[in-house]
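The values are calculated or read from the model by the stated rules, or taken from the named source; none is laboratory data. The model shown is predicted, which means the values in this text are computed figures rather than measured ones. Note that we place each Cβ from the backbone using ideal geometry, even for glycine, and neighbour counts take in every protein chain shown.
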Amino acid sequence: MIIWGVENHTEQWAEPFYFDITLNESFTDFTKYTLLFGDLDHPEITYGEYTVNRNLWGQDYYSNDNWDPSEQNWRYIINGSNGS
């Protein structure tokens, strides 16, 4: 879950996100990463709604306890690599 907002605006929103990073063998730098943000099938909610129901993207959001991010229809998928 991430809570985000717009600069110079008091409203905030909550949405699911997932971040995965692979480090090099010495753990001194990353080799690749994946950032998944927002679910096209479940739009963001206001922070006010989130404070009332913090379980919206919790346990029942996934089909099992593995919390597999591939189950979601992610709005943004950002992949990167170090390239070195």
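The figures follow:
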| read-out | value |
| --- | --- |
| Of all residues making up the range 20-36, the number that are in a strand (DSSP E or B) and either loosely packed, with under 10 Cβ neighbours inside 10 Å or β-branched (V, I, T) (or both) | 4 |
| Residue, nearest to N82 (Cα to Cα), within the range 7-17, restricted to residues that are within 17 Å of the chain's Cα centre (by Cα) and not polar (S, T, N, Q) | F17 |
| Complete set of residues in the range 5-19 that are surrounded by 13 or more Cβ atoms within 10 Å (Cβ to Cβ) and either touching a Pro at 6+ places or on another chain (Cβ under 8 Å) or not in a loop (DSSP other than H, G, I, E, B) (or both) | Q12, W13, A14, E15, F17, Y18 |
| For W67: the one exception among (1) surrounded by 11 or more Cβ atoms within 10 Å (Cβ to Cβ); (2) part of a strand (DSSP E or B) | (2) |
| Test: residue in the range 18-35 that is polar (S, T, N, Q), farther than 28 Å from G83 by Cα and without any contact (Cβ under 8 Å) to a residue 60 or more places away in the chain | no |
| Yes/no for N53 being at pLDDT below 90, over 30 Å from G83 (Cβ atoms) and exposed (fewer than 10 other Cβ atoms within 10 Å of the Cβ) | no |
| The one condition in (1) in a loop (DSSP other than H, G, I, E, B); (2) surrounded by fewer than 12 Cβ atoms within 10 Å (Cβ to Cβ); (3) on the phi < 0 side of the Ramachandran plot that G48 fails to fulfil | (1) |
| Flag for D39 being surrounded by 12 or more Cβ atoms within 10 Å (Cβ to Cβ), charged (D, E, K, R) and within 14 Å of the chain's Cα centre (by Cα) | yes |
